[in-house]
2 protein chains.
Amino acid sequence: MDPIASSGINRRVVLSTLAMLPALPALLRPIPAEAQEAPAGNPLPSWNDGAAKQAVLDFVRVSTDQANQSYVPPEERIATFDQDGTLWVEHPMYSQVVYCLDRVPAVVAKRPELKNAEPFKTVLSGNRAALAKLSMRDLERILAATLTGMSVEEFSTEAMKWLETARHPRWQRPYTELVYQPMLEVLRYLRDNGYKTYIATGGGQDFVRIYSQQVYGIPPEQVVGSAGATKFGYAKNGKPFLTKEPRLLLNDNNAGKPEGIHLMIGRRPRAAFGNSNGDREMLEWTGAGAGARLKMLVLHDDAAREYAYGPAAGLPDTKVGALTPALYDEARKDGWSVISMKNDWKRIFPFE
Amino acid sequence: MDPIASSGINRRVVLSTLAMLPALPALLRPIPAEAQEAPAGNPLPSWNDGAAKQAVLDFVRVSTDQANQSYVPPEERIATFDQDGTLWVEHPMYSQVVYCLDRVPAVVAKRPELKNAEPFKTVLSGNRAALAKLSMRDLERILAATLTGMSVEEFSTEAMKWLETARHPRWQRPYTELVYQPMLEVLRYLRDNGYKTYIATGGGQDFVRIYSQQVYGIPPEQVVGSAGATKFGYAKNGKPFLTKEPRLLLNDNNAGKPEGIHLMIGRRPRAAFGNSNGDREMLEWTGAGAGARLKMLVLHDDAAREYAYGPAAGLPDTKVGALTPALYDEARKDGWSVISMKNDWKRIFPFE
């Protein structure tokens, strides 16, 4: 049982930011529609001219031109995108982890025996110093209690309610509005050119599937994520249902990304997008195939408009955001494209 | 580890028919193309008029008519099909099991220590009486040895070679030609009406994905099947690859079918097709959703043109083919449609 992985948890991010969470206002706002149509002849209007934009344009050009030796038949046009930090904001905390913490009171109301048991007692106390000391094992117990033990429909209903009311602490907007406009344009542009776009996320597959169509134009069946087992059973009235179990089938991080892509898609992607070491193996595996391949990394180097972070943040000798220097070196050596949010993106969010 | 499940093995079928296998001729024949276009206005030309054909037509009519209260939005149009016995011939033995037995000599050539070890020694001996006595555990060892321990590309290459050369003992044709023409028409008809067609098979996902596009018009990413784990690693030259591991992630039979559909698709199907008790939970789960639902069972009652079999075969008081009487009763009670191969199908195979 390792449900923590199914939420793509980075413990440091969780603990260092628990104290930053404000009380969540309960205002309903609509989830934003998919990126608007791009102007004719300019499929990537939110991108500045530069190597990153050109890499996307070149890849689509050669892979869709039947006269080009790098032509890719339509059925092989698969593109995979990490979500957190690649398609939407992952700071100060993965939204799914916020969801789990917010769910604790409801879980305890149904299971009163947890009220005075740790780590639930600490979460309920709101004591931020104590929250910041929660162990990895504590977090696992919180995830198991809040993400499993209910039917798949109950989970969807609760998570959807939360998505409609929760607000990001910095922008005071639903998490589903904090998607990167330039990446929505890439998704649309690839689809317009026959690519099937997939999410390959360390986050929970069932969680992301709830909003993937509305937010990214990606149907639930094209979301690959960390996934737990379900258990088929019958209600008292004889009606069958599926219960979410605390047993991890796929930890869709690192090596789990290519393994999950093989399990769920069965083809090697032609294009892959990530932003951290957890995406490394997916990009390597994508790049190891023959023919046209696009490997891109989003670099979080824009503290003013979004965030600048990663192991190297604040260290003046490396400026690689969430990428370790080793991965950044690999990217340059193997011809991966690095997207600088600061320099390559005119606009970050659809609402700007 | 339960790789046997990943081949949808029915031990009785395997053992009772081991002796029937002829030596396989090595003639290459093309895999047949997808069903030809149906004549205008007659989408199911290989079906006789009757309740089964009408059930398909009615389902498509009401679910695609926006004025109908049973209208299904295009994004929810998911149809799942069992493979063995529903889309193609499963007698005298699942083709994938034949594949595994045929692979034993090549595996032993690479791993000579198996030559005198059981059950490989017995398989190599060709002693049919001894073969028929193999235990379930023996069969598991054969499947593990022949389906795992190689890269996903090596597996595909070997299985494709076999599919091109192996012949069914009765028709002396490639297994991939022994698909049911009326079901190809249903697949096509549903797709023409906006349905995404999926295979949900107890057979190995990696095996079926090799030919699903060519044979059924179903891309590999729309094949849900019994699936083993893979392991990401690096070759000596640094190139990453995935190795097939003998660890079962999904046993896509019985309760595993709805569980696998949730994992791989994330939506409840609107239509489901099966032929045996292994499909029961998939059909129940499909039928338990609201709105238009189609649940169909193929009844193998045509000994002349295909086979008549199942627990009830030869018992004159029940004629339910591979269906147990209990499931047949459930089908009638809950409004499932039973397809009689003998009465409902004008033609069985595309080559007829």
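Here is how the numbers come out for the structure above:
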| read-out | value |
| --- | --- |
| Looking only at region A:223-237, and only at residues there that are at the interface with chain B (Cβ under 8 Å from one of its Cβ atoms) and in contact (Cβ under 8 Å) with a residue 24 or more places away in the chain, the one that is surrounded by the most Cβ atoms within 10 Å (Cβ to Cβ) | A:Val223 |
| Among residues of region A:81-114, those that are assigned to a loop (DSSP other than H, G, I, E, B) and loosely packed, with under 13 Cβ neighbours inside 10 Å, counted | 0 |
| The one condition in (1) of a type in the set (Val, Ile, Thr); (2) surrounded by 22 or more Cβ atoms within 10 Å (Cβ to Cβ); (3) under 21 Å from B:Arg103 (Cα atoms) that B:Thr165 fails to fulfil | (2) |
| Conditions (1) free of Cβ contacts under 8 Å to residues at least 12 places away in the same chain; (2) farther than 20 Å from A:Pro74 by Cβ; number of the one not met by A:Gly266 | (2) |
| Unmet requirement for A:Arg267, which otherwise passes all of (1) within 16 Å of the chain's Cα centre (by Cα); (2) facing another protein chain (nearest Cβ under 7 Å); (3) within 25 Å of B:Glu245 (Cβ to Cβ) | (1) |
| Filtered residue count, region A:85-98, keeping only those that are closer than 19 Å to A:Met160 by Cβ and either modelled with pLDDT under 95 or within 14 Å of chain B (Cβ to nearest Cβ) (or both) | 5 |
| Identity of the residue in region B:43-67, farther than 13 Å from B:Met296 by Cβ and in contact (Cβ under 8 Å) with a residue 60 or more places away in the chain, that ends up farthest from the other protein chains (Cβ to nearest Cβ) | B:Asn48 |
| Only listed residue being at negative phi, within 22 Å of the chain's Cα centre (by Cα) and not in a loop (DSSP other than H, G, I, E, B), chosen from B:Leu143, B:Leu44, B:Leu124, B:Leu57 | B:Leu143 |
| Some residue of region A:238-259 being buried (at least 22 other Cβ atoms within 10 Å of the Cβ), of a type in the set (Asp, Glu) and within 10 Å of another protein chain (Cβ to nearest Cβ) | yes |
| Qualifying residue in region A:270-277 (condition: within 26 Å of A:Gln181 (Cα to Cα), more than 9 Å from chain B (Cβ to nearest Cβ) and charged (D, E, K, R)) | yes |
| Meets criteria (in contact with a strand residue (DSSP E or B) (Cβ under 7 Å, 6 or more places away or on another chain), surrounded by fewer than 22 Cβ atoms within 10 Å (Cβ to Cβ) and either modelled with pLDDT under 95 or under 30 Å from B:Thr324 (Cα atoms) (or both)) for B:Asn275 | no |
| Selection from region B:169-215 of residues that are within 14 Å of another protein chain (Cβ to nearest Cβ), surrounded by fewer than 19 Cβ atoms within 10 Å (Cβ to Cβ) and free of Cβ contacts under 8 Å to residues at least 40 places away in the same chain | B:Gln213 |
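Residue by residue, here is whether (1) crowded, with 18+ Cβ neighbours inside 10 Å; (2) at positive phi; (3) modelled with pLDDT of 50 or more holds:
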site	(1), (2), (3)
B:Pro3	yes, no, no
B:Ser7	yes, no, no
B:Arg12	no, no, no
B:Arg29	no, no, no
B:Ala38	no, no, yes
B:Asn48	no, no, yes
B:Ala67	no, no, yes
B:Tyr71	no, no, yes
B:Pro74	no, no, yes
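The values are calculated or read from the model by the stated rules, or taken from the named source; none is laboratory data. The shown structure was predicted, so the numbers you read here are calculated from the model rather than taken from an experiment. A quick note on method: Cβ atoms are made from the backbone with ideal geometry, for glycine too, and the neighbour counts reach across all protein chains shown.
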